[in-house]
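Heads up, the thing below is written out as structure tokens.
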Amino acid sequence: MSNNKQPTNMLLALHSEFSKLPVIFREQVCEECNYSTPTFYRKMRGIDRRVDGKLIPALSNAEKQKIREIGEGVTKALSASILGDAAK
């Protein structure tokens, strides 16, 4: 059996996977949290602050949890991609 698949440059393939991550992460956060792209970046720059002695969080607990879940999912997908390539 001959394999018609061209060998890939591992450096190029890995760099490509890393380059996709920010966009994939942003798109998933926007979809799950119902953010527009400008809202994503505004929320990303936000910090917790105090107004009249009351703490105003930049992100709600639900947003923090969902963002963690998305981050874990993106990381797992990257690991699977890398390990899948290494197994060949």
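Residues are listed down the side, and each one gets a yes or a no for (1) within 20 Å of S19 (Cα to Cα); (2) open to solvent by less than 90 Å² (accessible area, probe 1.4 Å); (3) modelled with pLDDT of 95 or more; (4) assigned to a loop (DSSP other than H, G, I, E, B):
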position	(1), (2), (3), (4)
E63	no, yes, yes, no
I67	yes, yes, yes, no
G71	yes, yes, yes, no
S79	yes, yes, no, no
I82	yes, yes, no, no
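Across the range 22-61, the number of residues qualifying as open to solvent by 50 Å² or more (accessible area, probe 1.4 Å) and of a type in the set (A, V, I, L, M, F, W, C) comes to 8.
Yes/no matrix, rows are residues, columns are (1) in contact with an Asp or Glu (Cβ under 8 Å, 6 or more places away or on another chain); (2) over 30 Å from M10 (Cβ atoms):
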site: S36; (1), (2): no, yes
site: I47; (1), (2): no, yes
site: G53; (1), (2): no, yes
site: A62; (1), (2): no, yes
site: V74; (1), (2): no, no
site: S81; (1), (2): yes, no
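The values are calculated or read from the model by the stated rules, or taken from the named source; none is laboratory data. Since the structure is predicted, the reported quantities are computational estimates derived from the model, not experimental observations. As a convention, Cβ positions derive from the backbone with ideal geometry for all residues, glycine included, and neighbour counts pool all protein chains shown. To get the accessible areas, we keep the full protein, side chains included, count just its heavy atoms, and leave off ligands, DNA and RNA. Shrake-Rupley method; radii C 1.70, N 1.55, O 1.52, S 1.80 Å.
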